[in-house]
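These notes concern the structure reproduced below.
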Amino acid sequence: MAIEGFDYKQFSSDLAVQAKELVPQEFEPFQQEYIVKTLANFSNMAGEAISNDAQAGFNADQAIFLTQIIAEWSFHKSVDVIRSGIQPEYWDGVLQKIAFTIFEVGKNTIKQNLPQDQILELVEQHVLKAYEEALDELKQRGIIDEEQKERAEKQNNLNQLIEQVEAEQAAQKTAEAQAQAQPQPAPQNAAPPAAVPANTMPQSGDRKLFKLASLALLLRTVSQDKVSSILNKFNPQDAQLVIQYMQMPDLNQRVDATTAIQCLKEIKTNLPSKRSTSPNQLIYRIKNSLSMYTPEKIEVYLKPERINVKRFVMSALNDELYELAPKVSNVIAQHIESSV
């Protein structure tokens, strides 16, 4: 039974196209392809199940909401599983458990007419629980050890993205404060900034407003506590615009997908580096992160990594540095720091 206004096949396809542009560029091609295919498969299956569930009686907005939650979490946990170092043959089992959990929790809470924020909070709690249970099962089967389990538990791509947004806003506020501290020439017949109506979208040339609208899409999938934490770092006018965009029921249709993808990518890539990427500092960061590991443990730790990553880390431990692009080198160093 089709839901009017909800074409789950087209919607899943659109989500997959967006995901393809957002997968971590340091991943191998087969890893990037896996993330996109997993998101597409899970969102397509969820959309089909919702459409065929006559008893649930979902409307198009509810169907889109649940399907998007599954797609978003499938994306983030796929990234986490890959970064955890778990062997590829076990990725499906972990992610299927998470997707099934989201579908059941999301469907039941929507049917109960719970507030959207409460639904998101409950879904997040159950996702984290399902992820931990899947890791426990792998450990009990002897597929991963305690060290690998702890490494996997530390992965949280969603939180990393949110932290990047917060860091960008903190940097922007610092820059604005510094600019305001400088003497400014008196404006000549300057008109006051025009307010942006709550029911309209920015024009394609207005990069800042499109970034705020794109951010609103991301924030619609997290709890109110996280939304408040991020928006507290914005100036009040920008924060109010994000809230207005979040409240648009058809925001997905009104934001140009290509522009939204590029805006979210800018959030991830246009930040000042938190850590130095000079050769000496990279060597220090890696050696410091692995200082408590024996050579045998380092060998086990690096076993699932790509050959260039292994060369880079081993060269740093020997006070040299295997030459890679600075951005890639920094990504590897951050990965080591966050996973040990």
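The values are calculated or read from the model by the stated rules, or taken from the named source; none is laboratory data. The structure presented is a predicted model; accordingly, all values stated were derived computationally and were not measured. Every residue, glycine among them, receives a Cβ derived from its backbone with ideal geometry; neighbour counts consider all protein chains shown. Please note that ligands, DNA and RNA were not included when accessible areas were found on the heavy atoms of the full protein model with its side chains. Shrake-Rupley method; radii C 1.70, N 1.55, O 1.52, S 1.80 Å.
Out of (1) assigned to a loop (DSSP other than H, G, I, E, B); (2) at pLDDT 70 or above; (3) open to solvent by 70 Å² or more (accessible area, probe 1.4 Å); (4) touching a helix residue (DSSP H, G or I) at 6+ places or on another chain (Cβ under 8 Å), the odd one out for MET248 is which?
Only one criterion in (1) assigned to a loop (DSSP other than H, G, I, E, B); (2) at pLDDT 70 or above; (3) open to solvent by 70 Å² or more (accessible area, probe 1.4 Å); (4) touching a helix residue (DSSP H, G or I) at 6+ places or on another chain (Cβ under 8 Å) is unmet by MET248, namely (3).
For the range 127-150, enumerate the residues that are assigned to a helix (DSSP H, G or I), over 16 Å from THR101 (Cβ atoms), modelled with pLDDT of 90 or more and open to solvent by 20 Å² or more (accessible area, probe 1.4 Å). Quick ask: steps written out before the conclusion?
Pass one, the range 127-150, residues assigned to a helix (DSSP H, G or I): 127-140, 146-150.
Add one more test, that the residue is over 16 Å from THR101 (Cβ atoms), and what stays is 138-140, 146-150.
Imposing the further condition that a residue be modelled with pLDDT of 90 or more reduces the set to 138-140.
Hits for the range 127-150 are LYS139, GLN140.
So, PHE27, is that one of a type in the set (A, V, I, L, M, F, W, C), out of contact with any Lys or Arg (no Cβ under 6 Å at 6 or more places or on another chain), within 22 Å of GLU153 (Cα to Cα) and modelled with pLDDT under 90 or not?
Working: of a type in the set (A, V, I, L, M, F, W, C): yes; out of contact with any Lys or Arg (no Cβ under 6 Å at 6 or more places or on another chain): yes; within 22 Å of GLU153 (Cα to Cα): yes; modelled with pLDDT under 90: yes.
So PHE27 fits the description; yes.
Based on what the data block shows, is PHE58 hydrophobic (A, V, I, L, M, F, W, C), in a loop (DSSP other than H, G, I, E, B), open to solvent by less than 30 Å² (accessible area, probe 1.4 Å) and touching a helix residue (DSSP H, G or I) at 6+ places or on another chain (Cβ under 6 Å)? Spell out how you get there, then give the answer.
Numbers: hydrophobic (A, V, I, L, M, F, W, C): yes; in a loop (DSSP other than H, G, I, E, B): yes; open to solvent by less than 30 Å² (accessible area, probe 1.4 Å): yes; touching a helix residue (DSSP H, G or I) at 6+ places or on another chain (Cβ under 6 Å): yes.
Here the answer is yes, as PHE58 does meet what is asked.
I'm trying to understand the selection: among the residues of the range 286-323, which are among the aliphatic types (A, V, I, L, M) and assigned to a helix (DSSP H, G or I)?
Quick first cut of the range 286-323, residues among the aliphatic types (A, V, I, L, M) only: 286, 290, 292, 298, 300, 302, 307, 309, 313-314, 316-317, 321.
Correct list: ILE286, ILE298, VAL300, LEU302, ILE307, VAL309, VAL313, MET314, ALA316, LEU317.
Out of GLN160, GLN178, report the one residue that is in a helix (DSSP H, G or I), modelled with pLDDT under 90 and more than 30 Å from GLN62 (Cβ to Cβ). Steps first, please.
Details: GLN160 fails: more than 30 Å from GLN62 (Cβ to Cβ).
Only one candidate passes the filter, namely GLN178.
Scan (1) at pLDDT 70 or above; (2) under 16 Å from the mean Cα position of the chain (by Cα); (3) in a helix (DSSP H, G or I); (4) not hydrophobic (A, V, I, L, M, F, W, C) for the single condition GLN155 breaks and write down its number.
Every listed condition holds for GLN155 apart from (3).
With the condition kept exactly as written, say whether any residue in the range 88-96 is open to solvent by less than 30 Å² (accessible area, probe 1.4 Å), in contact (Cβ under 8 Å) with a residue 24 or more places away in the chain and of a type in the set (Gly, Ala, Ser). Quick ask: steps written out before the conclusion?
Step one: filter the range 88-96 for residues open to solvent by less than 30 Å² (accessible area, probe 1.4 Å), giving 91, 94-95.
The next check asks that each one be in contact (Cβ under 8 Å) with a residue 24 or more places away in the chain; those that pass are 91, 94-95.
With of a type in the set (Gly, Ala, Ser) added as a condition, the list becomes none.
No: the range 88-96 contains no residue that is open to solvent by less than 30 Å² (accessible area, probe 1.4 Å), in contact (Cβ under 8 Å) with a residue 24 or more places away in the chain and of a type in the set (Gly, Ala, Ser).
Tell me which residues, restricted to the range 285-340, are surrounded by 15 or more Cβ atoms within 10 Å (Cβ to Cβ) and of a type in the set (Ser, Thr, Tyr).
Scanning the range 285-340 gives SER289, TYR293, TYR301, SER315, TYR322, SER329, SER339.
Write out, first by first residue and then by second, each pair whose Cβ atoms fall under 7 Å of each other, whose residues are 6+ apart or on separate chains, and whose first residue, in the range 53-80, is more than 14 Å from ILE102 (Cα to Cα) while the second is open to solvent by 20 Å² or more (accessible area, probe 1.4 Å) and among the hydroxyl-bearing types (Ser, Thr, Tyr).
Close Cβ pairs (under 7 Å, with a partner that is open to solvent by 20 Å² or more (accessible area, probe 1.4 Å) and among the hydroxyl-bearing types (Ser, Thr, Tyr)) amount to SER78/TYR34.
Go through the residues of the range 2-12 one by one and say whether even a single one is loosely packed, with under 15 Cβ neighbours inside 10 Å, farther than 23 Å from VAL309 by Cβ, small (Gly, Ala, Ser) and out of contact with any Pro (no Cβ under 8 Å at 6 or more places or on another chain).
yes
Only one residue in PHE42, PHE75, PHE27 is outside any helix (DSSP H, G or I) and open to solvent by less than 40 Å² (accessible area, probe 1.4 Å), so which one is that? Outline the logic, then answer.
Values: PHE42 fails: outside any helix (DSSP H, G or I); PHE75 fails: outside any helix (DSSP H, G or I).
Being outside any helix (DSSP H, G or I) and open to solvent by less than 40 Å² (accessible area, probe 1.4 Å) holds for just one of PHE42, PHE75, PHE27, which is PHE27.
Working only within the range 4-19, note down all residues that are farther than 12 Å from SER43 by Cα and in contact with an Asp or Glu (Cβ under 9 Å, 6 or more places away or on another chain).
GLY5, PHE6
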